[in-house]
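All of the numbers you see were taken from the coordinates with simple rules; none came from a lab. This one's a predicted model, so the numbers in the text were calculated from it and none came from an experiment. Note: ideal-geometry Cβ built from the backbone for every residue, glycine included; neighbour counts use all protein chains shown.
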Amino acid sequence: MKKIGIKRQAVGTVVSDKMDKTVVVNVERLVKHKLYHKYIKRRSKFVAHDKDNECCFGDKVLIMESKPISKTKKWVVNKILDRAV
């Protein structure tokens, strides 16, 4: 029997929407420094599939991991949380 895992999710900001059906999402997270116990911001950029071209620059979106769609696209836009002004 095949074991189905939980798909990873992340909340981030759209930093590029120039491609067709694709957006680049910047995800920030806080990591605690081992020695100094100070929180540091870490950023990751993910290329996500946006099937209806709904996302615009500056939108806050929820992305979810999926099977590979292309060489770099392994995430899908699940929903738009906040629209940019």
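Could you sort the peptides 28-36, 48-56 by per-residue average Cβ neighbour count (10 Å cutoff), highest mean leading?
Numbers: 28-36: 8.9, 48-56: 15.7.
Per-residue Cβ counts within 10 Å, averaged per peptide and sorted highest first, yield 48-56, 28-36.
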The farthest towards the positive end of the charge dipole of the stretch 9-82, of the residues Met64, Ile40, Val24, given +1 on Cβ of Lys and Arg and -1 on Cβ of Asp and Glu, is Ile40
With 0.36 nm assigned to each residue of separation and the Cα-Cα distance removed, Arg8 to Lys51 gains 13.6 nm
The stretch 9-82: Cα Rg divided by the 2.2 N^0.38 Å rule of thumb: 1.20
Calculate the FRET efficiency for Val85 and Met19 from the Cβ-Cβ distance with a Förster distance of 30 Å, rounded to the nearest 0.05. 0.85
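Taking a 29 Å limit on the Cα-Cα distance, which of the listed pairs Lys38/Lys71; Lys2/Lys71; Lys41/Lys73 fall beyond it? Display every interim value, and only then the final one.
Working: Lys38/Lys71 36 Å; Lys2/Lys71 26 Å; Lys41/Lys73 24 Å.
Too far apart for the 29 Å limit: Lys38/Lys71.
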Normalising by the residue count of the stretch 9-82, find the relative contact order in percent from Cα pairs under 8 Å and 6+ residues apart. 32 percent
